[in-house]
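Here the structure is laid out as structure tokens; the discussion comes afterwards.
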Amino acid sequence: NEDELNKLLSSAASVCDCVMLAEEFVEIEKEYGCVGVSDGAQVILPAIAEKVMVGKGSNAGVTNLGKLHLPEEFGDLSEKLCQMISRIKFQGIFDIDLYESKGTLYFNESPKSRCSFFCSSSVSFRKS
């Protein structure tokens, strides 16, 4: 929620001398994880996991319960993700988080560093 965001930003500012910009606060209604693998030529995205129960506190970010969906259930979204992975010539295992809020999906990148931050942008998709 917005109070948690303000506390996180204040905490980060006290340990990290960095500039932070929040364009918009988005309340997350659903969270999805897209785990796949790429060898640089072929991208495999076997399923998209809806995160039903996510850990709190020291277990924040850990999915405790999820529901698997076939990529086809998300229309052209899985194809767009695979094209993006292919275009950047990524090789290895990838884990992409998506957040849904008011019918819009947000692509999320959350690096695991001392001063973590979230970069989100909305993506359009047609859900079947």
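The values are calculated or read from the model by the stated rules, or taken from the named source; none is laboratory data. Small disclaimer: the values here were computed from a predicted structure and weren't measured. Counting neighbours? That spans all protein chains shown, and the Cβs are built from the backbone with ideal geometry, glycine included. Only protein heavy atoms, including side chains, enter the accessible area calculation; ligands, DNA and RNA are left aside. Shrake-Rupley method; radii C 1.70, N 1.55, O 1.52, S 1.80 Å.
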Residues (outside any loop (DSSP other than H, G, I, E, B) and touching a residue at least 24 places away in the same chain (Cβ under 8 Å)) located in segment 45-66: Ile48, Thr63, Gly66
Residue under evaluation Gly75, criteria (1) open to solvent by less than 90 Å² (accessible area, probe 1.4 Å); (2) under 17 Å from Asp95 (Cβ atoms), criterion not met: (2)
Enumeration of residues in segment 29-46 that are over 20 Å from Tyr106 (Cβ atoms) and either open to solvent by less than 80 Å² (accessible area, probe 1.4 Å) or at pLDDT 90 or above (or both): Val37, Ser38, Asp39, Gly40, Gln42, Val43, Ile44, Pro46
Among residues of segment 1-45, those that are in contact with a helix residue (DSSP H, G or I) (Cβ under 6 Å, 6 or more places away or on another chain) and on the phi > 0 side of the Ramachandran plot, counted: 0
Among residues of segment 1-44, those that are under 23 Å from Leu70 (Cα atoms) and in a helix (DSSP H, G or I), counted: 0
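Can you pull out every residue in segment 71-95 that is more than 19 Å from Gly40 (Cβ to Cβ) and of a type in the set (D, E, K, R)?
Glu72, Glu73, Asp76
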Residues being of a type in the set (Gly, Ala, Ser), closer than 29 Å to Ile85 by Cβ and open to solvent by 80 Å² or more (accessible area, probe 1.4 Å) - total across segment 1-28: 0
